[in-house]
Amino acid sequence: MIAHNVPPGLGEPVFDKLNATIAHALCSIGAVKGIEFGAGFKVGSMKGSENNDQPYMSKDGRVRFKTNNAGGFLGGISNGEDIVVKIAVKPTPTISLQQTSINMRKMKEEKLSPITRRDPTLVARIYVVAEAMMSMALLDSLYLARAYDSLAKLDKKWLRLKGPLKTTFGSG
């Protein structure tokens with residue numbers, strides 16, 4: 001999947017990285033068993049000089065990148081490039097062959113004869129679900145960015161603390 005025109009600056013550097021938010025959304029789909037961004041697992045065999053996405057100034061005055069191995073992120077924050085995500089989806093478990101299973105009432109192995117529909121693949125349905133989940137994660141990040149911008153514009157009188165900020169740990 002590719003998300004185009006994502007503004008730079010979405011996400012946070014530690015707990016709410018945009019790529020972690022997207023991964024959370026996509027891995028919430030039951031059949032998804034793997035996820036990679038940009039060059040993904042291929043980066044494990046690349047040199048730093050091959051993997052680094054070198055920036056340049058575009059003709060319209062924006063910072064762009066010559067490659068997109070990071071898949072549209074820098075430190076978990078969107079960098080303005082396309083967000084590129086690949087997911088691995090398990091094969092459908094409803095096959096037309098008998099399989100061994102456990103009868104939990106009898107606590108015995110039994111042959112399980114298929115009685116449900118036989119889906120040849122999940123791909124036709126999973127793509128729209130994954131696209132929707134990624135869209136929701138991006139929208140959530142856009143809402144958070146808008147909320148942060150609104151907080152930054154608050155009148156100074158709303159920013160005053162009543163006494164010192166204090167955090168305690170333990171019983172004291």
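The values are calculated or read from the model by the stated rules, or taken from the named source; none is laboratory data. Owing to the predicted nature of the structure, the values given are computational and were not obtained by experimental measurement. Using ideal geometry, Cβ is built from the backbone for each residue, glycine included, and neighbour counts are taken over all protein chains shown.
Output the number of residues of region 90-107 satisfying the condition of being outside any strand (DSSP E or B) and either of a type in the set (A, V, I, L, M, F, W, C) or at pLDDT 90 or above (or both).
6
Quick one: would you say Thr67 is of a type outside the set (A, V, I, L, M), surrounded by 10 or more Cβ atoms within 10 Å (Cβ to Cβ) and either over 25 Å from Thr21 (Cα atoms) or touching a His at 6+ places or on another chain (Cβ under 7 Å) (or both)?
In short, no.
Which pairs have Cβ atoms under 8 Å, sit 6 or more apart or on different chains, and link a residue in region 57-73 that is more than 17 Å from Gly44 (Cβ to Cβ) and at pLDDT below 90 to one that is β-branched (Val, Ile, Thr) and assigned to a loop (DSSP other than H, G, I, E, B)?
none
Gly34: without any contact (Cβ under 8 Å) to a residue 60 or more places away in the chain, exposed (fewer than 12 other Cβ atoms within 10 Å of the Cβ) and within 20 Å of the chain's Cα centre (by Cα), yes or no?
Judged against the criteria, Gly34 is not a match.
Being among the acidic types (Asp, Glu) and modelled with pLDDT of 95 or more narrows it down to one residue among Glu110, Glu36; which is it?
After ruling out the rest, the residue left standing is Glu36.
Are there any pairs, at least 6 apart or on different chains, whose C-beta atoms fall under 9 Å, with the first in region 90-112 and farther than 28 Å from Arg125 by Cβ and the second in a loop (DSSP other than H, G, I, E, B), and if so, which?
From region 90-112, the pairs are Lys111/Gln98.
On the given criteria, is Ile87 part of a strand (DSSP E or B), touching a residue at least 40 places away in the same chain (Cβ under 8 Å), out of contact with any Gly (no Cβ under 9 Å at 6 or more places or on another chain) and surrounded by 13 or more Cβ atoms within 10 Å (Cβ to Cβ)?
Considered against the rule, which asks whether it is part of a strand (DSSP E or B), touching a residue at least 40 places away in the same chain (Cβ under 8 Å), out of contact with any Gly (no Cβ under 9 Å at 6 or more places or on another chain) and surrounded by 13 or more Cβ atoms within 10 Å (Cβ to Cβ), Ile87 comes out as no.
Going by the structure shown, is Gly38 more than 28 Å from Arg125 (Cα to Cα) and not hydrophobic (A, V, I, L, M, F, W, C)?
So Gly38 does not fit the description; no.
Give region 7-30 a look and list any residue that's farther than 24 Å from Ala145 by Cα and modelled with pLDDT of 90 or more, or say none.
Ile29 - this is the single residue of region 7-30 that is farther than 24 Å from Ala145 by Cα and modelled with pLDDT of 90 or more.
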